[in-house]
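Inspection log for the structure reproduced underneath, given as structure tokens.
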Amino acid sequence: MDPVSELPSWTYVAAVVLGYLLGSIPFGLVLTKAAGLGDIRQIGSGNIGATNVLRTGNKPLALATLLLDGGKGAIAALIAAQFSPLLAVIAGGAALLGHLFPVWLRFKGGKGVATTLGTLIAINWMVGIAACLTWLAVAFALRISSLSALAAVALAPLYAYILGTGPQVIFAAFAAALVWIRHRENIARMFKGTEPRIGKKKAE
């Protein structure tokens, strides 16, 4: 049972604030600067996520960024889950907002795919794994990272509806909408046939 009614109001505020602050840590920027690769925002697409970090040619650094960006959403949700499953969803949503709009970078953050998937795994591992498998399947078939991400998050609400709870469906739909909005330039390039494929460098 989820004793929502018994939770004091400060727990909701704490979940939002701590989730947002944790999510707003720009790991891609921190890691590339620490590795002496400069400001990731001046490289490739200018995004702070793992895909753009990969454009530096440093695969271990890109993997670390992917895991940390996913991990911050998962950690926020797992900490809040000690109080309530609903609070986990709220904290995960706040972490996603922190990643997309980090206060440290004047609210210009990443695209939210890794953080969304990490949060989904934390709040419902079946939904999260299903979304990750969708990403892998589309990536293997079509070799377009952005399309894989869009497919994964688009199907996540359906997976949550089948395998999860109402709040998890709401989170998945909320995250999907944000991720699709943040990928609007990728979507435009896909229509033009200019979106880069996995394994090919893109200096954009």
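Here are a few things to note about the model shown:
- Hey, Ala141 in a helix (DSSP H, G or I) and without any contact (Cβ under 8 Å) to a residue 12 or more places away in the chain or not: yes
- In this structure, Leu163 does not qualify as closer than 30 Å to Ser84 by Cβ and crowded, with 20+ Cβ neighbours inside 10 Å.
- Test result for Leu117, in contact with a Cys (Cβ under 7 Å, 6 or more places away or on another chain) and either open to solvent by less than 50 Å² (accessible area, probe 1.4 Å) or modelled with pLDDT under 95 (or both): yes
- Candidates Val127, Val153, Val103 - the one that is open to solvent by less than 70 Å² (accessible area, probe 1.4 Å) and out of contact with any helix residue (DSSP H, G or I) (no Cβ under 7 Å at 6 or more places or on another chain): Val103
- Verdict on Phe101 being among the aromatic types (Phe, Trp, Tyr), touching a residue at least 40 places away in the same chain (Cβ under 8 Å) and farther than 24 Å from Gly38 by Cα: no
- Single condition Ile198 does not satisfy, out of (1) surrounded by 17 or more Cβ atoms within 10 Å (Cβ to Cβ); (2) more than 17 Å from the chain's Cα centre (by Cα): (1)
- Of the candidates Arg106, Arg184, the single residue that is of a type outside the set (A, V, I, L, M, F, W, C) and within 22 Å of Leu54 (Cα to Cα) is Arg184.
- Enumeration of residues in region 147-193 that are among the basic types (Lys, Arg) and either within 17 Å of Ala95 (Cβ to Cβ) or under 15 Å from the mean Cα position of the chain (by Cα) (or both): Arg182
- Taken across region 75-86, residues that are under 24 Å from Ser45 (Cα atoms), of a type in the set (A, V, I, L, M, F, W, C), open to solvent by 10 Å² or more (accessible area, probe 1.4 Å) and in a helix (DSSP H, G or I) do not occur at all.
- Look at (1) open to solvent by 60 Å² or more (accessible area, probe 1.4 Å); (2) in a loop (DSSP other than H, G, I, E, B) and you find that Gly110 fails only one, number (1).
- Residue match in region 117-132 (condition: out of contact with any Leu (no Cβ under 9 Å at 6 or more places or on another chain) and not in a helix (DSSP H, G or I)): no
- Selected residue [open to solvent by 40 Å² or more (accessible area, probe 1.4 Å) and in a helix (DSSP H, G or I)] from Thr32, Thr11, Thr51: Thr51
- Lone qualifier among Ala76, Ala94, Ala88 - being farther than 25 Å from Leu147 by Cβ and more than 15 Å from the chain's Cα centre (by Cα): Ala88
- Pairs with Cβ under 8 Å, 6+ apart, first in region 40-52 and without any contact (Cβ under 8 Å) to a residue 12 or more places away in the chain, second of a type in the set (S, T, N, Q) and open to solvent by less than 20 Å² (accessible area, probe 1.4 Å): Gly46/Asn52
The values are calculated or read from the model by the stated rules, or taken from the named source; none is laboratory data. Quantities reported herein were computed from a predicted structural model and do not represent experimental measurements. Counting neighbours? That spans all protein chains shown, and the Cβs are built from the backbone with ideal geometry, glycine included. The accessibility values were calculated without ligands, DNA or RNA, using every heavy atom of the protein model including side chains. Shrake-Rupley method; radii C 1.70, N 1.55, O 1.52, S 1.80 Å.
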